[in-house]
Every structure is written in structure tokens, then in C-alpha cells.
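Derivation of every value follows stated rules applied to the coordinates shown; laboratory data play no part. Values in this document were obtained by computation on a predicted structure and should not be read as measured data. Please note: Cβ atoms are built from the backbone with ideal geometry, for glycine as well, and neighbour counts cover all protein chains shown.
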Amino acid sequence: MRHVFLDYAKRKKRIKRGEGIESLSIDATGAFELKDRLNEEEADHILALEGALAHLARSNERAARVVECRFFGGMTVEDTASVLNLSSATVKRDWMLAKALLFQSMEANT
């Protein structure tokens, strides 16, 4: 899912204004669709998030994995804990830490 967002943001940055992109259904049920509503600023944010997440992964891989599960995978704390073989409390701590570090990193690069 992370790569879908990243690829979409990169593609959006390359497309000239006025050109359209087809909607992209993420799952078979249509529960989540990535539509052509991503503007240039939002594409910039996604690309900045990717850079911040790569930076986080170098310093705290576990927290970066929690972000991937929670943000990109849409998992609950409990689901993330189960998949990563962690306690729910650890996932909550890593999630809070990761959000703060990602925010700081993204703010520093703007």
C-alpha cells in the first residue's frame, strides 16, 4: 500500500495540470479508492512522508514497521501487534513515537 501511494504521488507530480488520471480501486470491495483528487501539495506531502519514513526506518526499524501497518495497511493496534509479534502497549508507544518523529522530519524538510 505504501508503494501505491508513493507511485501515485510521483506520477501526479509528473502530470501537467489539466490532465486526468483514472481512479484506482485499492481493494476488490471498493472500500478504498485512490481518486484523482490528489493535488500537487498533497503529492509533495506523500513524497515528504516517504523520505521521513525512510529516515525513521534507519534509526528505528520497528517503529517504521508499525507505521506501515497502521497507516498504509489500515491495521488496528491489536492487528499490528499480532503481525509484528509485539505487545499492544509496544505498538502504541512506537506509533506515538513514530508520529512525532515523522512530523519533526517532515517539518524540517519544508
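Spin-label pair F72-E41: with each label point 7 Å from Cα along the Cα-Cβ axis, the two points sit 2.6 nm from one another. Modelled spin-label separation between D79 and S59, with each label point placed 7 Å from Cα along the Cα-to-Cβ direction: 2.9 nm.
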